[in-house]
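Asker: Following this message is one structure expressed as structure tokens.
The values are calculated or read from the model by the stated rules, or taken from the named source; none is laboratory data. For clarity, every value in this text was computed on a predicted model and none was experimentally measured. Here Cβ is always computed from backbone atoms with ideal geometry, including for glycine, and neighbour counts include all displayed protein chains. When the accessible area is computed, the model is the full protein with side chains, heavy atoms only, and any ligands, DNA or RNA have been set aside. Shrake-Rupley method; radii C 1.70, N 1.55, O 1.52, S 1.80 Å.
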Amino acid sequence: LSKGLHGLLQSALLFYCKLQSELEDYGSIVNPYDPCVANKMINGKQMTVTWHVDDLKSSHVDPEVNDEFMQWIEQTYGTIGKVKVHRGTTHDYLGMILDYSIEGQVSIDMIDYVKSMVENYPNPNEFMGKKVTAPWNEDLFKVDESSPALDKKMAKQFHTITAQGLFLCKRGRPDIAPAIAYLSTRVHNPNEKDWAKLTRMMKYLHQTVNDRLTLRADGSKMLKWHVDAAQQRHVKTAHGQ
């Protein structure tokens, strides 16, 4: 019964409300843009706590602050079950290997997850042949309604792989995000052309299986984004020309 209750969506929501309230009582302020991030200033430095249901990650420049937070968690939730703690510069967290061993940056490693996707793909022979330079081509957002629909089994596989890709792109592989943006709209009625687009994305992941996302900070508090954009492809003048 306990396991059944633990798996309910309502249970996760109730626990979130409980955890949020207790973190706020602890003096933390929940981020208004991400409700699973809370910050607290301690000794002039910020402590950040992020969480997914009951998996928490806390960080602060002073190790003793993390010690105190760990003790607070133990006192608050230790009666429910033993609180498991992992400390260090490398963490296995929600399918990601977070590596903080190089100062000023974090490396997000989801190589094993990508390998699992590739190994479980139903037809790996489709990965053979010429390499692809990107996980999509110029026809990505074109829907071909004349293409035959996938059978029930392949449609289910299409949905599963797309969902796995969605999990992946939101964490460690944002380079496949445009492909996932399209494929996610096709999970209820995929056809053979959609499968070909899925295959291209998977072929790209097969070729780049060892890629990792690295985020760096230099202390300037300036965000820098590098975007490749085509300009003035669809321009109308005041006269409609």
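Asker: Sorted by mean Cβ packing within 10 Å, highest first, what order do the peptides 204-212, 131-139 take?
Answerer: 204-212, 131-139
Asker: Same structure, new question: Using only the Cα atoms of the range 42-102, what are the Rg and Dmax in Å?
Answerer: Answer for the range 42-102, Rg first and Dmax second: 12.2, 37 Å.
Asker: If you don't mind, there's one more thing I want to ask. State in Å² the accessible area per residue of the range 170-229; use a 1.4 Å probe, count heavy atoms of protein chains only, and round to the nearest integer.
Answerer: In whole numbers, the range 170-229 has 66 Å² accessible per residue.
Asker: Expressed as a fraction of 2.2 N^0.38 Å, the rule-of-thumb size for a compact globular protein of N residues, what is the C-alpha radius of gyration of the range 88-156? Numbers along the way, then the final one.
Answerer: On the way: Rg = 18.2 Å, N = 69, 2.2 N^0.38 = 11.0 Å.
Working it through for the range 88-156, the quotient is 1.66.
Asker: On C-alpha positions alone, give me the angle between the axis of helix 63-77 and the longest principal axis of the chain, in degrees, nearest 10.
Answerer: Tilt relative to the chain: about 90 degrees.
Asker: Taking only the Cα atoms of the chain, how large is their convex hull per residue, in Å³? Could you put the intermediate results ahead of the total?
Answerer: Numbers: hull volume 53.3 nm³, N = 241.
Convex hull volume per residue, Cα atoms: 221 Å³.
Asker: Greater than 20 Å separation of Cα atoms is the criterion. Which listed pairs, 130/197; 130/152; 18/82; 45/221; 115/193, meet it?
Answerer: Those over the limit are 130/152; 115/193.
Asker: Between 0 and 90 degrees, rounded to the nearest ten: what's the tilt of helix 152-169 against the longest Cα principal axis of the chain?
Answerer: The angle comes out at about 50 degrees.
Asker: Moving on. Once label points are set 7 Å from the Cα along Cα→Cβ at both residue 6 and residue 116, what is their separation, rounded to one decimal in nm?
Answerer: 1.8
Asker: Per DSSP H run of n ≥ 4, the term is -39500 (n - 2.57); total these for the chain, divide by its residue number, and report the mean residue ellipticity at 222 nm rounded to 500 deg cm²/dmol.
Answerer: -11500 deg cm²/dmol
Asker: With charges set only on the Cβ (+1 for Lys and Arg, -1 for Asp and Glu), what does the dipole of the chain come to about its Cα centre, in debye to the nearest 20?
Answerer: Roughly 820 debye for the chain.
Asker: For helix 9-25, what angle does its Cα long axis make with the longest principal axis of the chain, in degrees from 0 to 90 and rounded to 10?
Answerer: Taking the Cα atoms of the chain, the angle to 9-25 is about 50 degrees.
Asker: Next question. Mind checking the log10 I(q)/I(0) for the range 123-168 at q = 0.19, 0.21, 0.29 Å⁻¹? Debye, one equal scatterer per Cα, no solvent, two decimals.
Answerer: With one equal scatterer per Cα and no solvent, log10 I(q)/I(0) is -0.99, -1.19, -1.15.
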